[in-house]
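What follows is calculated from the coordinates using simple rules that are stated; it is not laboratory data. These figures come from a predicted structure and were not determined experimentally. With ideal geometry, Cβ positions are generated from the backbone for all residues, glycine too; neighbour counts draw on all protein chains shown.
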Amino acid sequence: MPAVRKDVEATLVDRPDVDGATVIDYGAPGPVLALVRPDGFCSGPELRDACAEVLEAAASRITVVLATELPDLADGFPDPESLLAESVYVYRYEPATTETEERVVALWNRILDRNRTGVTDDFLDLGGDSVSAVRVVAEIRNEFGVDVDLMRFFNNPSVRHVAALVDAGRDRGTTG
């Protein structure tokens, strides 16, 4: 696995929006943590997706953490659970688990021109804006026959939340 760690690290440090990166591979089936010190604005999902392309089949193991300080690995690997609990900006790919989530992911991928969207990804972090949000809401109405309120969409703009709004609307047999 050292080659994976080096490949992911090289992918990150070659980016103009990254000032430094440390990648820790805890070994399969454990996580691969990519700690990234940004140079200006970094899109967490974009960084995660770039790492996932390197990891291919093990893409679901990658977690990107935006950090102000990178750990000194000479002191040993930090505990991944405490590291994630202390971090504000954590990006992990979580695949769809329901048919509604799968359909909403496909819709977002099409509208936002993406290849991989997780159910916890934030619409705005993925490059969405008010215009694309209106398109998503209109497509949801067309595909599911459910009206999703735009303000409710923006209050928690994740696939999981939007899929729950769709399922709730279908269960009630009403729009809203």
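I need the shape label for the range 92-141. Rule: rounded when a/c is under 1.5, else prolate if a/b > b/c, else oblate, with a, b, c from the alpha carbon gyration tensor. In terms of gyration-tensor shape, oblate. Modelled this way, with points 7 Å down the Cα-to-C-beta line, the labels at Asp129 and Val13 are 3.5 nm from one another.
For the chain, a crude dipole built from +1 on the beta carbon of Lys and Arg and -1 on the beta carbon of Asp and Glu, taken about the Cα centre, is about 560 debye to the nearest 20. In units of the compact-protein estimate 2.2 N^0.38 Å, the range 99-172 shows a Cα radius of gyration of 0.96. With respect to the chain, whose longest principal axis is taken over its alpha-carbon atoms, helix 2-13 is tilted by about 70°.
Helix 159-172 and the longest principal axis of the Cα set of the chain meet at an angle near 20°.
The helix-based estimate of mean residue ellipticity at 222 nm for the chain, built from -39,500 (n - 2.57) per DSSP H run of four or more residues and divided by its residue count, is -14000 deg cm²/dmol to the nearest 500. Return one number: the angle in degrees, 0 to 90 and rounded to the nearest 10, between the long axis of the Cα atoms of helix 44-55 and the longest principal axis of the Cα atoms of the chain. With rounding to tens, the tilt is 60 degrees. Once the C-beta distance of Asp171 and Tyr26 is scaled by a Förster radius of 41 Å, the resulting FRET efficiency is 0.55 to the nearest 0.05. How would you classify the range 2-92 from its alpha-carbon gyration tensor, with a ≥ b ≥ c the square roots of the eigenvalues: rounded for a/c under 1.5, else prolate if a/b is greater than b/c, otherwise oblate? It comes out rounded by the Cα gyration axes.
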